[in-house]
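**Q** Structure in structure tokens, see below.
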Amino acid sequence: MKTPGAVLLAPSSDWGKYDTMYYLKGAAAGGICCSITHGALTPVDVVKTRVQLDPVKYNTGLIGGFRTIIAEEGSMALTTGLGATAAGYFVQGWFKFGGVEYFKINAVKSMGEEKAWENKTTIYLGAAAAAEFIADLFLCPLEAVRIRSVSDPEFADGLADGFSKMAKTEGIGGFYAGLLPILAKQIPYTCAKFVVQGTAADTMYATMGKTPSELSGGMNIGVSLLSGVIAGVASAIISHPADTLLSKVNKKGAGGDGPMMSRLMNIAKEIGFVNLCTVGLVPRCVMIGTLTAGQFGIFDTVMSALGASKFHFHNPNA
């Protein structure tokens, strides 16, 4: 008898469990884990965004940024954009985690287990990129409202008001002004996130000489959390320049007029390459390292609660 929630290594005789309901459970778990983690870290994201938008004023690091905002605007300012963050990242997590599982599993079905095992990094990259592209089409409007709200606390009273004001003043184009930088940020971030986390987790299991099915649920969650921290820091560093551009381009008037690429180039020249890669990086590493660890831990926990288990690559010759 199979134990609900046990970690499975996807033997070829058991493909039937990876059906529509499995993908819906994966999507739901992804939405929940992303919404909870991004929502919980909204205060850190507010400080990070302020540092990126105004590094002259917010030049005392993460803790100093907290103190400045609280002193000038009150503690509730740290929750600015919470509604847009929680809603946006639920939708993004739904398509990202659910999409990665869908594309990953179907690639293995198409290629066969042996070839898929030999090319698992490529499969991770392709699945992550495809899923993230779809997810970002839904995330971008909510992220635009969030950043506008953080950069201008007087802009809107909540998510619905922010959408209404942006729609009236800027039209649909305003919601997708940051699509190129968000794709440039999120796709490399997500590719690094899933490849590094998967590789780190495999290394940990190999070091212990165990497979996921041979360990307790608590041990597997521990592996997910530790590998998630490693993946989060790596992906934060890789995606940070695009994250800074995304924060800047959603600020009214940033980069001047003209096509999006011209605006982005103007912003990049104004900031400088070194600052583009380093300003706000430490709080982003703290934020993304914590966030990514939490995401993988919550994802596995929710999947188990729903009676499912994340697909793991399997070496058929082992």
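**Q** Taking only C-alpha pairs under 8 Å that are 6+ residues apart, what is the relative contact order of the chain in percent?
**A** Normalised by residue count, the contact order of the chain is 28 percent.
**Q** Would you kindly state how much longer the chain becomes between Leu215 and Ala40 on full extension, computed as 0.36 nm times their sequence separation minus their alpha carbon distance, in nm to one decimal?
**A** 60.1 nm is the gain from fully extending Leu215 to Ala40.
**Q** Where in the chain are the helices, taken as whole DSSP H runs, whose Cα atoms extend 20 angstrom or more along the long axis and whose Kyte-Doolittle mean reaches at least -0.5?
**A** 20-40, 82-111, 120-151, 179-208, 217-249, 281-305
**Q** Based only on other Cβ atoms within 10 Å, what is the fewest-to-most ordering of Ser224, Ser213?
**A** Ser213, Ser224
**Q** Looking at the chain as a GNM with Cα springs under 10 Å, which of Thr301, Thr80, Thr207 has the largest mean-square fluctuation?
**A** Thr207
**Q** My understanding is that a pair violates if its Cα-Cα distance is over 19 Å; which of Lys185/Lys310; Lys17/Lys193; Lys48/Lys185 do that in this structure?
**A** Lys185/Lys310; Lys17/Lys193
**Q** If you place +1 on the Cβ of every Lys and Arg, -1 on the Cβ of every Asp and Glu, and leave all else neutral, what size is the dipole of segment 119-207 about its Cα centre, to the nearest 20 Debye?
**A** 220
**Q** Efficiency by 1/(1 + (r/R0)^6): what FRET value for Ser262 and Thr20, r their Cβ-Cβ distance, R0 = 35 Å, to the nearest 0.05?
**A** 0.20
**Q** If R0 is 45 Å, what FRET efficiency do you get for Lys109 and Ala77 from their C-beta distance, rounded to 0.05? Please list the in-between numbers first.
**A** Details: r = 49 Å, r/R0 = 1.09.
E between Lys109 and Ala77, to the nearest 0.05, is 0.35.
**Q** What list of whole percents do you get for P(r) of the chain, with Cα-Cα distances grouped in 20 Å bins up to the one holding the largest distance?
**A** For the chain, the pair-distance distribution reads 32, 53, 14, 0.
**Q** Another question about this same structure. List Arg67, Arg263 from most exposed to least, where exposure is judged by having the fewest other Cβ atoms within 10 Å.
**A** Fewest-to-most Cβ neighbours within 10 Å comes out as Arg67, Arg263.
**Q** Taking the beta-carbon count within 10 Å as an exposure proxy, list Trp117, Trp94, Trp15 from fewest neighbours to most.
**A** So the residues, fewest neighbours to most, are Trp15, Trp117, Trp94.
**Q** Below 8 Å between Cα atoms, with a sequence gap of 6+, how large is the relative contact order for segment 10-160 in percent? Let's see the in-between values first.
**A** Numbers: 182 pairs, mean separation 47.5, N = 151.
Once divided by the residue count of segment 10-160, the mean separation gives 31 percent.
**Q** Aspartates and glutamates near Lys96 by alpha-carbon distance under 19 Å, same-chain residues fewer than 8 away left out - which ones?
**A** Asp19, Glu132, Asp136, Glu143, Asp243, Asp300
**Q** Okay, next question. What residue among Gly217, Gly280, Gly26 has the largest mean-square fluctuation in a Gaussian network model of the chain, using Cα springs under 10 Å?
**A** Gly217
Readers should treat all values here as calculations from the given coordinates under stated rules, not as data from a laboratory. Model, not experiment: these values are computed from the prediction. Cβ sites come from the backbone with ideal geometry, for glycine too, and all protein chains shown count toward neighbours.
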